[in-house]
Structures are given as structure tokens and as C-alpha cells.
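K.L.:
Quick one: the structure is below, questions incoming.
We did not get these values from a lab; they are worked out from the coordinates using the rules stated. Since the model is a prediction, treat every value here as computed from it, not as a measurement. Glycine also receives a Cβ, built like all others from the backbone with ideal geometry; neighbour counts cover every protein chain displayed.
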Amino acid sequence: MDARGRVHCVSPLLYESGWIPFKVSLDGGKTFPGSGTWLAVHPSKVPDSDKSDMNNDTKWQYYGTPGVTGTLTLSWKSSLLPEPKVNIELWGYQETGQYYSEEWKGEWSYLYTLARNFPNGENFTFTPKPAEPRYQAWHVGALRVSGSSHADGERDVPAIWSSEHALAWHLGEDFRKDSAAWATAKCMDWVALEKQLPNFLAEIQDCPCTLAQARADTGRFFADYGCDIERNSVCTYHPEAVHCVRGIQPSPRYASGQQCCYSSSGSQVLTEDTSSGSTPDRGHDWGSYPYGRPPRVPGLSHWVYDVITFYYCCLWSHNCQHYLHLRPSSDCQTYQPPHLASIFGDPHFLTFDGVHFTFNGRGEYVLAQSDLTELMVQGRTRAALTSSGAQVFATGISAVVVKEGTSDVVEARLGGPTGKTLEVLLNQEVLNFSEQSWLDLKGMYLSMSGNQSVLVMLGSGAGVEIQAQELFLSLNVLLSDKFVGRTQGLLGTLNKNASDDFTLRNKTVLSPSITSDPQELFKFGADWAIQNDSSLFTYDSPFLVDNYLQRPKHDPTFLPVFSPGSVTSQVANLCGSDLFCQFDALITGSLDVGNATKVANERHQQLLQSLQPVTSCGWLSAPEHGTKNGTTYLEGFTVKFDCVPGYTLKGSREQTCQPDGQWSGIRPQCNPDSNHAVLLGIIFGMLIVVALAFLGYMLMKRRKRRM
């Protein structure tokens, strides 16, 4: 406790991420008057400014390989640790025990101290020495800078940590004498171990077929921070790719992860064609609930089973073929894009099955629900206001709340001084995204972009994108095929049949013709108003209590304007043929609102286009003694084949992927040509003659010895 009465807590070493609850006692544990939560994040998400910096970290992780010697330097921001002198320690991470058992555990261990009583504020430069043999079993670890007043390896003290990394610089003399041989031995040990472990590849989901699909399927895939086209990141481990994504959810049994990489042409980059291909992971990089144990420890399990092993086989030696054989890219033959529904503007509904309608009631409604996973998406609408503050007889979405099963509850609503910024609540508490834009939550992940957009990624693979646009929110809901026939609400019944999208709570199906009758649509929308006992919303202001909690969930006194009038020249110039844009610009008297609707509609159309199914015919290999030209295996693409000199092609010289998922033509083979075959026969015959002559000579020599 400091002089101002503030309590400061040092977080222990954790093996999980997300919001961690804690209680504070000031009397030795008798009472706990204080409580709260703090956020544990994936190691890679700690800001660089909060970590020590391994200057030229590549040199650290290749130290001892041919040509990499000299000194290493560690620097840090001294103001983060108000101590005059510091100790610099190495800590190692290992996972031990029987794989996939209760005894399997991960642990950070203090190894040794590199420097004591070092002046805080100076860079630490040193020449690494091989560690003692007892410490060389640790190949992954991190450096810790802590005050010299603390004992070596003392836990739970203020400290500055480096990034976790491959500990090449501390390995033994055997590594430095022949790093390739050392790494080859480790690679072969890993290959033998992998063959004994369960096959996780069979249960990971297939990759999207195209870059467009991968970026649009935001409920199941998210940008890989190591290869992200939007951040212009350098794809160090996948140099032929421009963008990679990771499967958000771990595989169901082994908690494994998927990675999918794409070239500048938008097609997959596969390990069968290049070492730049995407590689799945035995340990999901982001970890997975309930965390704590391997292979679910965020970041670190992935390092142990997928990253340091890549160093063994690919970076410190030339055995990458073994790594890629055990971590092959997944193709996309079984991938099915999700189904999209959207709401935007005054509010316009575009259902999963493609029905368009406008429902502008005021209240709180079920947008989508499913008994399959107990998914619930609720929306709140409010009346629009003009720039002068006058009420317009039109409404739009002002808040959305999402929950699935026993997950946390996330609500996004318009707030802030202007009422146009996005405010996000977790279990009825407002979240602060000043430090982190990504949150690991119970049953979901959350990603915030600025103060205008939030993405909710649910455990089922469902995704909900919510964006603040002028007076209203827009949202896109993405559901996978497993939800077909299992949804209800204003966004319709997902079953690829548009005729039953207007289904009431009592299962009565209204005619699709009600789209031409705004008043009938109004009655349909009112039927999906929620009840107080089923509401997931937060009512934390007098306005919300008075206008929503204590009023009917569908306001029967609010009657919107169903026809906005004639299109003006200004509206026509802005909106063109976009009827949603025209409607909203006219009904609100605001071109800005009309433009926001236009942008949201364009986003919907872009997503629809990106999520169109694509047929894959599967990977094709080059024939033995031959070559191939072409690495895209999707409908309409052609792969060409040829043979090396001395061989003749039999079969199709090119094959094209057809709409039925089959390759055209006949699988090519490269057979020895006639002259080449004769030459091979002569050589083979000569070898037999030589072998027989040698055998005869040895027999005669043996007889002479006996005589």
C-alpha cells in the first residue's frame, strides 16, 4: 500500500489469459473488503513498451549457429522499475508429465542469474557462455529484470520480462561446435515423439479456400499477428504469403489450432508446394479454456510443440521436410462458408436466406436465437433525432447484446459525449480498451477496433460484428452450417428457404408478401419483442429504466413513417439506386445517415461476395520424374505438367478443376523414353556383369585361402 492508500498487486506467473478475479485483505486474510479483476493477456499482446528489449532478437535466437557470435544487449525502460540496482535472470519454460493426462503440467522455473546489482537505466551487454549442463534441458524461456533487493528467483516481485524466445544463446558447447547436428538430433527425437502422440490433424477444421473467405469468416478465423496484411507485417515464417489467419476456436478434443496462409493472388499457400505453407499447431497459439494445463497454456504450449520444434528442424538444421510432413497444410475441400445476415440504418433487415425488409419499431427485440447452442442476440432500437434535437418518426439499432450458453454477456451500445461512439459492456460493466483491444472471455473472444467497431467471436464459431455509424449501429451475424434449421427471430429461419423467414414465436409462418405491407411487417416485428425476464440488456441510467425497463418492450404508441416521400436530387446523387440509402436520407433528413446506410449495405454486399462457396478439387502432385506449373486447385484453374529429360509424359499434359470437384483428364505419368530405357538396360546389365565377376573373384580367393 502506498502513501495515498492505494493497493498495488504483483501478478503471479499465470498459465491462463482473460479476466482474473481477486480479493484484497488488509488484516492477514480475516476479511476481504476489496475485490476486482485484472486482465491476463497472451505474451505477444504485452506492449513492447512494457517489456525489456532483446536488441536484434534474431541474433539471440541463432547465437551459436555458424557465423553468429559476439555480444548480446538487453535494454529496458528504467522508469517501469524504480530500483537503483537490478538483477538480470534467465527463466525457462517446460511442460512435463504424461501427455494428455492429469499429470501433464507446464511450469516456469528460475534457472540462473546473469548479473547482480547492475545499474538500473543502463543497457546490459554481455558475451553468452554455455549454461551448466543441468540447465541445458530448457530451450524456451525469457529474461527477467527485478530489483536487487530481492533474492535470486524470488517469485511475485515487480519485474520487467522479455518476450519468450528460443534459448540458442545459452545452449552448450555441443550446440556451438555443430549446431546443425545438435538440432538434427533434437528434430529426429521430436519426429519419433510425434508419431506416438494422438493425431490432432483429423479433428481440425479445413481452411477457407480464398483470402477473401478467410478475411470475411470472422466468427471462425482471425488474422495471425505474425502475418497480417492490414498491419503490413513481414511474414517471417511464411515469406510467400501476404496474409495468414488462425482458427479462433481450438479443436474439440486435443485443443489444437489451425493456420491458413494465402498468397498475393488470394489462393492458399500449402506446405506440399513450399516451405512457406501454413502449418497447423498441436498447441493452439492462443491457448484455450480452461487453460492452466498443457496444451492449453496461451502462447507457451504452442512454443513447446510447434515453434521450438520448427527451430530444431527448419531454422537450426536442414530437416524441414520432416516438420512439414507432420504439420501439413489443410486444404479447403470440406470448407463451407458461413451464412450472413445484416441489420443497418432505419433498421433494414437482410436475413440469412436473403429476404430484405424494414422494421422500425421502438423497443427491444430478438434479432436471432438458436436452441442449438443457446445463442441469443438481442437488439434495442431508439428514435432518430435531427441535428436540432427533434425526434424523427424512424428508429435504428442503438444497442446489441450477445450471449451463448454459459458464456459472458457482451453488450455494445452507442454512447460517449456525442452518442455516436461505441461503448462495450462485459456482464453489465463498461470495458476500458485503453490497454488491450483483444479480450479472452468466458465462451467468447472480443476484438475492438478504435471506438467504432467490435467483433464478438463465440465458442460455436458464430460471429457478430457491431459498428457505430452515425445515429445507429449496424451489425453482421455469421452462422455456420450447423445452425441450419435451428434459428428464430427477426433475422429469419436459416434453412436456405426464404419463404418461411417471417415466422412468429408460435411457429405461424406469414406470407413473404408482407414485405409489400409495412404495417403487417410492423406487427411481425412486434411479435419478437423480448420480455424483462429474458432481457440481457443493462439498465444503468434513468433514461434506460424509464424508456425500456419500465415500459412495454415494444412501444405501441410509436408509429413510424412508412413512406418517406419523393427522392430529391441531392439524395439521388448520394444514393444512386440504393433504396435503403434513399429511405434513410429522406426519413431522417440527413445525408450523413443516408451515406452511413450506403456504406453498411456495401459492406454487406462485399461480405456476401467474399463468402460465396468455392469448389476445390484438392492438391495435385507433380508426377515422379516430372514437374508441374500451377498451385491453385480451385474451380476453373489449370495445372500443367512436364517430364524431366529422358522421360515421356503419358496422360494429360494439363488438368483443370471442374465444378463437380474432380480434375479433368487423366493423371499424368513420366515413363522412360525408348532410348533412355535402352541405356538404363545396358547400364543395369553391365552392373550385373561386374557384380557377378566380383562375386566369382571373391569365391576363388576364398578357396585359395582354404588350400
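K.L.:
Determine, from the Cβ-Cβ distance of Thr656 and Glu272 and an R0 of 25 Å, the FRET efficiency 1/(1 + (r/R0)^6), rounded to the nearest 0.05.
P.N.:
0.85
K.L.:
Still on this model: Give me the number: length gained by fully extending Val509 to Ala185, i.e. 0.36 nm times residue separation minus the C-alpha to C-alpha distance, one decimal in nm.
P.N.:
Result: 109.9 nm gained on full extension.
K.L.:
I want the local charge near Asp206. Using Cβ-Cβ distances under 12 Å, sum +1 for each Lys or Arg and -1 for each Asp or Glu among the other residues.
P.N.:
Summing Lys/Arg as +1 and Asp/Glu as -1 gives -2.
K.L.:
Right, next: Using the per-residue mean of other Cβ atoms lying within 10 Å as a proxy for protection, in what order, highest first, do the peptides 206-218, 265-277 fall?
P.N.:
Ranked from most to least packed, the peptides come out as 206-218, 265-277.
K.L.:
Oh, and also: By the gyration tensor of its Cα atoms, with a ≥ b ≥ c the square roots of the eigenvalues, what is the shape of region 412-484: rounded for a/c under 1.5, prolate for a/b over b/c, or oblate?
P.N.:
oblate
K.L.:
I've got another one for you. Could you work out, for region 477-546, what percent of all Cα-Cα pairs fall into each 5 Å distance bin, beginning at 0 Å and stopping at the bin that holds the largest distance?
P.N.:
3, 14, 21, 19, 16, 13, 9, 5, 1
K.L.:
Which FRET efficiency value, to the nearest 0.05, is calculated for Glu173 and Ser149 with the Förster distance at 35 angstrom and r the Cβ-Cβ distance?
P.N.:
0.50
K.L.:
Let me ask something else. I want the local charge near Leu586. Using Cβ-Cβ distances under 14 Å, sum +1 for each Lys or Arg and -1 for each Asp or Glu among the other residues.
P.N.:
-3
K.L.:
Below 8 Å, C-alpha to C-alpha, sequence gap of six or more: please give me the relative contact order for the chain in percent.
P.N.:
Dividing the mean separation by the residue count of the chain yields 9 percent.
K.L.:
Sort 115-122, 474-481 by the packing proxy (mean of other Cβ within 10 Å over each peptide's residues), most packed first.
P.N.:
Result, highest mean Cβ count within 10 Å first: 474-481, 115-122.
K.L.:
Cα convex hull of the chain: mean projected area in nm², to one decimal?
P.N.:
Mean shadow area of the hull around the Cα atoms is 45.3 nm².
K.L.:
Which value, in Å³ per residue, describes the convex hull spanned by the Cα atoms of region 463-512?
P.N.:
Hull volume over Cα atoms, normalised by residue count, gives 96 Å³.
K.L.:
Once you have the Kirkwood Rh of region 182-226 from its Cα pairs, apply Stokes-Einstein at 25 °C and 0.890 mPa s and quote D in µm²/s.
P.N.:
Diffusion coefficient, whole number: 180 µm²/s.
K.L.:
Counting only Cα, what are the radius of gyration and maximum Cα-Cα distance Dmax of region 155-271, in Å?
P.N.:
Looking at region 155-271, its Cα Rg and Dmax stand at 18.3, 50 Å.
K.L.:
Averaging sequence separations of C-alpha pairs under 8 Å and six or more residues apart, then dividing by the length of region 33-80, give the relative contact order as a whole percent.
P.N.:
40
K.L.:
Can you pull out the GluC sites (Glu not before Pro) in region 57-118 that DSSP calls coil and that have at most 15 other Cβ atoms within 10 Å?
P.N.:
Listed in order of number, the matching sites are Glu102, Glu103.
K.L.:
Something else now. Show me, bin by bin at 5 Å from 0, the whole-percent P(r) of region 46-156 based on Cα pairs.
P.N.:
Reading the bins upward from 0: 2, 10, 18, 21, 20, 13, 8, 4, 2, 0.
K.L.:
While we're looking at this one, here's another question. His8 to Asn123: FRET efficiency via 1/(1 + (r/R0)^6), r the Cβ-Cβ distance, R0 30 Å, to the nearest 0.05?
P.N.:
Step by step, r from the Cβ atoms, then E = 0.65.
K.L.:
Taking 37 °C and 0.692 mPa s as the conditions, I'd like the Stokes-Einstein D for region 22-100 in µm²/s, using the Kirkwood hydrodynamic radius from alpha carbon pairs.
P.N.:
Diffusion coefficient, whole number: 188 µm²/s.
K.L.:
Want the number for Tyr539 to Asn427: 0.36 nm per residue separation, take away the alpha-carbon distance, what's left?
P.N.:
Difference between extended and current length: 39.1 nm.
K.L.:
When you count, for each residue, the other Cβ atoms within 10 Å and take the mean per peptide, how do 395-405, 490-500 rank with the highest first?
P.N.:
395-405, 490-500
K.L.:
Let me ask another. Pull out a ≥ b ≥ c, the square roots of the eigenvalues of the alpha-carbon gyration tensor of region 383-442, then state rounded if a/c is under 1.5, prolate if not and a/b is larger than b/c, and oblate in the remaining case.
P.N.:
Judged from the Cα gyration tensor, region 383-442 comes out oblate (a/c at least 1.5, b/c at or above a/b).
K.L.:
How long is the gain from Glu374 to Arg667 if the chain were fully straight, where each residue apart is worth 0.36 nm and the alpha carbon distance is subtracted?
P.N.:
Once the chain is fully extended between Glu374 and Arg667, it gains 100.7 nm.
K.L.:
Starting from the Cα of Lys105, step 7 Å along the direction of its Cβ; do the same at Leu26; then give the gap between the two resulting points in nm.
P.N.:
About 3.5 nm, to one decimal.
K.L.:
Given a cut-off of 27 Å, name the pairs among Lys77/Lys177; Lys420/Lys598; Lys30/Lys77; Lys77/Lys442; Lys85/Lys186 whose C-alpha atoms lie farther apart than that in the structure shown.
P.N.:
Lys77/Lys177; Lys30/Lys77; Lys77/Lys442; Lys85/Lys186
K.L.:
Sequence neighbours fewer than 8 away in the same chain don't count; with that in mind, list the lysines whose C-alpha is under 21 Å from Lys496.
P.N.:
The reachable lysines, counting only those whose Cα sits under 21 Å from Lys496, are Lys482, Lys507.
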